[in-house]
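Worksheet for the structure shown next.
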Amino acid sequence: MNLMRSVFRNEGKLLLRNKFLALPLLVNLLYWGYSIVAYEIQPLHYEERAAAFYQSFIWILLLNLLIVGLFAVYMVSKDRDNEFEQLVVTYDLKNVDWVIGKWLITQLYGLCITVMTIVVQAIWFISAAMTRGDWLEHIFYVFMQMEGAFFLLISLGFLFAILMKSMLAYLTIPAILVLSLFLPFDYVGTAYVWDNPKLHLFTPFDYMFIESPYEGIWGIHHVFKGSILHQSAIILLGIVMIAVALLLFRRNRRSQKEKKLLPILITIFLIPTIVLSGIRFMQYDRALKQYISTGKQYQESFLGEDDESYYEDYKDDQPYDFAMEKTNLSVELQADDQINVQSTLTVKNNGNESVDDVFLTLYHGLKIKECTTEKAVACSREGDFIRLHFDEEILPGEEFDVNLHYEGGILQYRDDGYVEQAFIKNERVYLPKEAGWYPLIGKRNLVIARECSNLYARFELRNARLVEDFPTDFTVRMTRENQDVPLALTIPEVQKNTFQGTSQYGLSLISGNFKEEKAGNIRVVAHPEVLNGMKEVVGRYQKVWSFMEDWLGIPMTPSVIYVLGDNYYYLTHDSANHDFYMLRNENMDDSEMAYELLNEITQDFSNNNGGFNVLYDAMVWMILNNLHEQIGFAEWYKSNYWAEEEDFKLVNLLQGYEKKGLESFKDVLKYLFEYWKGLENKQDFDMEAAIEQYEEEAE
């Protein structure tokens, strides 16, 4: 032990004298200083401090792993390269003392980088909107991610430097990083056929997430437990690797004690490494299997006419003559993603015919305990669909009540099991409408999946677009264990844990670290740190919504907006309607906003022609001009697009109305838009003919 301490002290002195080894520490300080200043000088924040931190953290961690790994190889190789090791072999020095002394000082160097990072993080997060418990959780998460990765890379560096007595040892470190991180680092949630997502577990730090471990109002709760388990196994594996290195180093100088103890030590640490790795593997394997099971179940029901129809979510809308007039829910959120619901539904026949079968949709993982009405009814189920068969037909205009009691698990996954689509945890809850957690009227596809041989799962999957034909009066009473975490629904809270309101969108429920404030008449639900920034974005949206409502007579302004991360934005955004809207943590520029909102009202792009494209661009220009005065439409169009001569002819035709004034331009665009909407075959749109008809009607 004294000799090991002597080696450690000597290597420490050499480390302090090496000015080049201070460079990575300085790079880290400058990098974090720039990241913090760049965030804090922004007048309005559109993303949280933690989000900005983790976006920077991933990149600097990769650089640090490369530096520390190469330094580990250097620590073993330097004495051999300068022939000092030839002198050392004459000393009465055991392998353990020599190697572990160097290994410990290398680990100390890695620890210095880790401590510097978590000190920066801890100070920066003091001003973040999070509890003390969340603050400590973030610090511990980063410590385990960094220190676990350094611990293993240093041990591997020592092992390869002992095995390879050449410059090839240095190449093993970047090779390990590339092989273990290349696939998941470019990962977006859809693994190709050659890319088994289970292999992404074999990384020096836990990277089982998409883009960032941070999820806005839910922080890092989704990845925390899995990451700690992963990194605990990594640390144990690091101990095994350095023990193997000791076993292989200078065999002629191993003591009898080392020969006996090292195999025992390897066995002792290898067993918990395998156990923890197995637990982590099974955790992800369950999520992946559930995701694959979901895709296989729903891809059988995909009846698309061609491959492109999979992407045309507007085709998911299936009008139904029956309406859900009222929905009263008593919801108990239980542990382990369980839910228990007592519901009373008032259903009305808005059709012109009498029927004896009425259909409801409820996620198939929820088991029905009771299904009764005041009329004689037979309640049967197939997958997500509930069939109510009545002895007496339901007449046009007739209403009836259904009592439905159901319970079960609601945990759902998307993107190869990386994203939890719906979950109920103690500190976070997310039950989007698309999860089918409450009864929907009619036969509704919750998921659209189709076969895709290029992907590992052999299918691609998206949430269905669930748009209601009629509004519903909702009353929801919530019961849950953790009352300290805020909870919100797409309808307002009228008293503690009771929500009431009318919505044509429906219900999506969230619970996490958020605040709810009003921007005009819109309820905005967002993380406290981004609320002011997103209210500014919503204000610009409001200006466009109001303009489009006055201009086109289409309801656009939602009553509530959720601000969530990219993963949930992309899953849900296409299902929103004018009652509910989803925004990401970003500052949308005017052009992005104009295109997004115009796409919302022109969903059907099939069989469109050049005339429609000119009309579309003219409407974009009109929206942009309302926000900020633009150059003339024709000049704007020609500066932004390369187009055929025929398109310029149509542009010049529209420009004539612009010269008459904006009101004249707005009127003709509105007429052309409504003319296009009324066409059954959009390819038949003829702008010149439509303008001639407009002129005739105006006379």
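The values are calculated or read from the model by the stated rules, or taken from the named source; none is laboratory data. Since the structure is predicted, the reported quantities are computational estimates derived from the model, not experimental observations. Using ideal geometry, Cβ is built from the backbone for each residue, glycine included, and neighbour counts are taken over all protein chains shown. To get the accessible areas, we keep the full protein, side chains included, count just its heavy atoms, and leave off ligands, DNA and RNA. Shrake-Rupley method; radii C 1.70, N 1.55, O 1.52, S 1.80 Å.
Among the residues of the range 413-423, are any open to solvent by 30 Å² or more (accessible area, probe 1.4 Å) and touching a His at 6+ places or on another chain (Cβ under 7 Å)? Within the range 413-423, not a single residue is open to solvent by 30 Å² or more (accessible area, probe 1.4 Å) and touching a His at 6+ places or on another chain (Cβ under 7 Å). All of G383, G351, G408 fail the test of being among the small types (G, A, S) and within 14 Å of A323 (Cα to Cα), apart from G351. The residue that is modelled with the lowest pLDDT, counting only those in the range 1-54 that are among the polar types (S, T, N, Q) and within 30 Å of D566 (Cβ to Cβ), is Q42. Here Y187 passes the criteria (1) at pLDDT 85 or above; (2) in a loop (DSSP other than H, G, I, E, B) except the one numbered (1).
Residue by residue, here is whether (1) part of a helix (DSSP H, G or I); (2) touching an Asp or Glu at 6+ places or on another chain (Cβ under 6 Å); (3) surrounded by fewer than 17 Cβ atoms within 10 Å (Cβ to Cβ) holds:
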{"position": "N626", "(1), (2), (3)": "yes, no, no"}
{"position": "Q630", "(1), (2), (3)": "no, no, yes"}
{"position": "S639", "(1), (2), (3)": "yes, no, yes"}
{"position": "E663", "(1), (2), (3)": "yes, no, yes"}
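Taking each residue of the range 214-225 that is under 10 Å from H527 (Cα atoms) and looking for partners that are acidic (D, E) and surrounded by 21 or more Cβ atoms within 10 Å (Cβ to Cβ) with beta-carbon atoms closer than 7 Å, six or more apart or interchain, yields G216/E48. For the range 677-694, residues that are in contact (Cβ under 8 Å) with a residue 60 or more places away in the chain, open to solvent by 40 Å² or more (accessible area, probe 1.4 Å) and assigned to a loop (DSSP other than H, G, I, E, B) total 2. The requirement of being within 17 Å of the chain's Cα centre (by Cα), under 21 Å from T498 (Cβ atoms) and crowded, with 21+ Cβ neighbours inside 10 Å is satisfied by Y430.
I'd like the full set of residues that are touching a Leu at 6+ places or on another chain (Cβ under 9 Å) and either open to solvent by less than 20 Å² (accessible area, probe 1.4 Å) or among the acidic types (D, E) (or both), limited to the range 457-471. Within the range 457-471, A457, N463, A464, L466, E468 qualify.
Condition first: free of Cβ contacts under 8 Å to residues at least 24 places away in the same chain and open to solvent by less than 70 Å² (accessible area, probe 1.4 Å). Now tell me which residues in the range 25-39 satisfy that. The answer is G33, S35, A38, Y39. One residue alone among D357, D317, D337 is among the acidic types (D, E) and in contact with a Gly (Cβ under 8 Å, 6 or more places away or on another chain), and that residue is D337. For the range 337-391, the set of residues classified as under 37 Å from the mean Cα position of the chain (by Cα) and of a type in the set (S, T, N, Q) consists of Q338, N340, Q342, S343, T344, T346, T361, S380, listed by residue number. Would you check if I210 is open to solvent by 10 Å² or more (accessible area, probe 1.4 Å), of a type outside the set (S, T, Y) and under 15 Å from the mean Cα position of the chain (by Cα)? Yes; evaluated as a whole, the condition is true for this residue. Just one residue in the set V538, V614 is buried (at least 16 other Cβ atoms within 10 Å of the Cβ), aliphatic (A, V, I, L, M), in contact with a helix residue (DSSP H, G or I) (Cβ under 9 Å, 6 or more places away or on another chain) and part of a helix (DSSP H, G or I); that residue is V614.
Just to be sure I understand, how many residues within the range 132-183 are surrounded by 14 or more Cβ atoms within 10 Å (Cβ to Cβ) and outside any helix (DSSP H, G or I)? Total meeting the criteria: 1. Just one of the listed residues (S503, S546, S559) is hydroxyl-bearing (S, T, Y), modelled with pLDDT under 95 and surrounded by fewer than 17 Cβ atoms within 10 Å (Cβ to Cβ), and it is S546. Restricting E674, E697, E658 to residues that are over 24 Å from E592 (Cα atoms) and part of a helix (DSSP H, G or I) narrows the list to E697.
So that you can scan it fast, the table gives a plain yes or no per residue for (1) in a strand (DSSP E or B); (2) in contact with a strand residue (DSSP E or B) (Cβ under 7 Å, 6 or more places away or on another chain):
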{"position": "F390", "(1), (2)": "yes, yes"}
{"position": "P396", "(1), (2)": "no, yes"}
{"position": "G408", "(1), (2)": "yes, yes"}
{"position": "N426", "(1), (2)": "no, no"}
{"position": "V467", "(1), (2)": "no, no"}
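Among the residues of this structure, D321 counts as one that is farther than 30 Å from L236 by Cα, open to solvent by 80 Å² or more (accessible area, probe 1.4 Å), touching a strand residue (DSSP E or B) at 6+ places or on another chain (Cβ under 8 Å) and free of Cβ contacts under 8 Å to residues at least 60 places away in the same chain. For the range 72-79, check the following and say yes or no: at least one residue is open to solvent by less than 10 Å² (accessible area, probe 1.4 Å), modelled with pLDDT under 95 and over 17 Å from G157 (Cβ atoms). Looking through the range 72-79, none of the residues is open to solvent by less than 10 Å² (accessible area, probe 1.4 Å), modelled with pLDDT under 95 and over 17 Å from G157 (Cβ atoms). Going residue by residue through the range 240-255, is there one that turns out to be of a type in the set (V, I, T), within 17 Å of the chain's Cα centre (by Cα), open to solvent by less than 50 Å² (accessible area, probe 1.4 Å) and at pLDDT below 90? Scanning the range 240-255, I find no residue that is of a type in the set (V, I, T), within 17 Å of the chain's Cα centre (by Cα), open to solvent by less than 50 Å² (accessible area, probe 1.4 Å) and at pLDDT below 90, so the answer is no.
Working only within the range 513-569, note down all residues that are hydroxyl-bearing (S, T, Y), touching a Gly at 6+ places or on another chain (Cβ under 9 Å) and free of Cβ contacts under 8 Å to residues at least 40 places away in the same chain. Matches in the range 513-569: T557 only.
Taken over the range 447-456, residues that are crowded, with 22+ Cβ neighbours inside 10 Å and part of a loop (DSSP other than H, G, I, E, B) amount to 0.
Taking the range 506-522 as the range and being open to solvent by 20 Å² or more (accessible area, probe 1.4 Å) and part of a loop (DSSP other than H, G, I, E, B) as the test, the residues that pass are N513, G520, N521. Taking the range 478-487 as the range and being touching a residue at least 60 places away in the same chain (Cβ under 8 Å) and either assigned to a loop (DSSP other than H, G, I, E, B) or crowded, with 16+ Cβ neighbours inside 10 Å (or both) as the test, the residues that pass are M478, R480, E481. When F281 is tested against (1) open to solvent by 60 Å² or more (accessible area, probe 1.4 Å); (2) over 25 Å from the mean Cα position of the chain (by Cα); (3) of a type outside the set (D, E, K, R), just one condition goes unmet, and that condition is (2).
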